[in-house]
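Below is one structure; the comments refer to it alone.
The values are calculated or read from the model by the stated rules, or taken from the named source; none is laboratory data. Owing to the predicted nature of the structure, the values given are computational and were not obtained by experimental measurement. For neighbour counting, all protein chains shown are included, and Cβ atoms are generated from backbone atoms with ideal geometry for every residue, glycine included. Protein only, heavy atoms only, side chains kept; ligands, DNA and RNA dropped before computing areas. Shrake-Rupley method; radii C 1.70, N 1.55, O 1.52, S 1.80 Å.
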Amino acid sequence: MHVTVVGTGYVGLVTGVGLAKMGHNVICMDIDHKKITALRQGQIPIYEPGLQELMIECLERGTLQFTSDPSYAYQYANLIFLAVGTPQHPDGTANLSYIESACDTIAAHLTESALIVTKSTVPVGTNERLRARMAKRLPTGIEVEFASNPEFLREGSGIHDFFHGDRIVIGTENEKARLWLQELYEPLEIPMFFTDVRSSEMIKYASNAFLATKISFINEIANICQKTGADVEAVARGMGMDMRIGSQFLKAGVGYGGSCFPKDTNALVQIAGDVKHDFRLLKAVIEVNNQQQEVLVEMAENVMMLTGKKVALLGLSFKPNTDDIREAPSIVIAKRLLAAGAIVRAYDPQAMGNMKRVLPDLLYTSAAEEALQDADAAFLVTEWKEIIHIPLKRYVELMKTPRIFDGRNVYSLQEALEAGVEYYSIGRKAIGNETLTTQ
Ligand SMILES: NC(=O)c1ccc[n+]([C@@H]2O[C@H](COP(=O)([O-])OP(=O)(O)OC[C@H]3O[C@@H](n4cnc5c(N)ncnc54)[C@H](O)[C@@H]3O)[C@@H](O)[C@H]2O)c1
Ligand SMILES: O=c1ccn([C@@H]2O[C@H](COP(=O)(O)OP(=O)(O)O[C@H]3O[C@H](CO)[C@@H](O)[C@H](O)[C@H]3O)[C@@H](O)[C@H]2O)c(=O)[nH]1
């Protein structure tokens, strides 16, 4: 099939490359000319494992093209995927200006009727509103249908998720659109769930909000464990063995970040508010998460003076295997450390370029061990393999005081005890500082 994908960010690029790998003929369109020039040369502006290799393969096979020319992208298009950003406004509502602008450009160039498929995460009712907006702008005789096909990929494993997702959700208003998308995705052999457009739009927000709820729930349990002497790792394992609960997304830590959970939970609170429903549960999930991003520095302030101290901040991206720092807990932690007067030496395998633009005052090092050298404390924020594989004895060898604040519960308490480090983690007892153990 011939497909145009609008937007070449994390979602658009993975979708375009994935569809091209399947053998469909894909044109990826972006208004960012620099990005398009780089993509044409086989360079990707983001870090996403496996994506570049697959993209080059598709470019060479001729199933993938990049353009920033709207007439080339839209003139003869009849199946168009929208994958532009829907970031949040300061009040938490979804900013739909990019998607509206993309639709206006499509309307100005279409010469055939088309099915427009929304992959971007959009509030319930948006597809209907976009359709009405376009109807006013389209030339006579040209019509568009809208379908909702929300994206569930995770950054860092986007390619894997494209080919092996748990489900593909498709919301349509008629049989023709449904069959078209069914045919497009059928070779992937992933279960497809067909529904109406509004329910499909809601499935995306409800899924992210539910996962965020699991994380805030376990983080609250962790905070109670800390005070009662229980161990959150054991608690999560014991809970997760119940199939009704499931073991995933029960990892306690410094809270969720990223370009999706924070903005989508805020947007869902607003979507509920628009229909006069006070989503109290989700508001609490958000509040718990905001507080959770502070716990590591609060722990540190309880045991040491941070002013003038050298601290290592390891892992800056919001999760491993991505360069994305949007809403990363590391930003909150770094700002608090700087405000407390600490000298912060930061390291991340992929995200330092992005972080330097946001926090130029951190001292960036070229390796984790360089950040640890002579440090008074280490803050472990993102569980990159490269970071979690550093043996604890290296902390003892390198640091002035081997004192670790582990925001991802990377090491076992036994390891910490044996290595002789002072070790503070989330929802577990402190090691090497008996006064803080159980209260
Ligand atoms: N990032 C994820 O992991 C993820 C996963 C699932 C869903 N989503 C949703 O998918 C959407 C896209 O997210 P993303 O992270 O890929 O965004 P992104 O910010 O990485 O990329 C968006 C791209 O769209 C381009 N763009 C903006 N306006 C355009 C226009 N009028 N025409 C053509 N291109 C245009 C931008 O230049 C940019 O390259 C959002 O709604 C997001 O919530 C994201
Ligand atoms: O048990 C857990 C699991 C995750 N996290 C944190 O939660 C955030 C999000 O993680 P993850 O879901 O793996 O990454 P995303 O790439 O943001 O993916 C989420 O957001 C995407 C955008 O909507 C969706 O498509 C995905 O299905 C959804 O998992 C990260 O900060 C993680 O550190 C935890 O703290 N504990």
Of (1) within 16 Å of ligand 2 (Cβ to nearest atom); (2) out of contact with any helix residue (DSSP H, G or I) (no Cβ under 6 Å at 6 or more places or on another chain), Arg131 satisfies every one except (1)
Per the filter on region 377-398, residues within 22 Å of Lys429 (Cβ to Cβ), touching a residue at least 40 places away in the same chain (Cβ under 8 Å) and surrounded by fewer than 24 Cβ atoms within 10 Å (Cβ to Cβ) are Glu383
The condition of being in a helix (DSSP H, G or I), buried (at least 23 other Cβ atoms within 10 Å of the Cβ) and either modelled with pLDDT of 95 or more or among the hydroxyl-bearing types (Ser, Thr, Tyr) (or both) holds, among Leu268, Leu282, only for Leu268
Over region 231-260, the set of residues within 13 Å of ligand 2 (Cβ to nearest atom) and basic (Lys, Arg) is Arg237, Lys251
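Every residue, every condition in (1) within 15 Å of ligand 1 (Cβ to nearest atom); (2) basic (Lys, Arg); (3) open to solvent by 60 Å² or more (accessible area, probe 1.4 Å), yes or no:
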residue: Leu115; (1), (2), (3): no, no, no
residue: Thr126; (1), (2), (3): yes, no, no
residue: Gly141; (1), (2), (3): no, no, yes
residue: Val169; (1), (2), (3): yes, no, no
- Task: Output yes when any residue across region 152-163 is within 14 Å of ligand 1 (Cβ to nearest atom), on the phi > 0 side of the Ramachandran plot and of a type in the set (Gly, Ala, Ser), and no when none is.
- Result: yes
(Q) Gly141 - would you say it is away from ligand 2 (no atom under 16 Å from the Cβ) and not in a strand (DSSP E or B)? (A) yes
Among residues of region 88-99 being open to solvent by less than 50 Å² (accessible area, probe 1.4 Å) and within 13 Å of ligand 1 (Cβ to nearest atom), the residue nearest to Pro262 (Cα to Cα) is Ala94
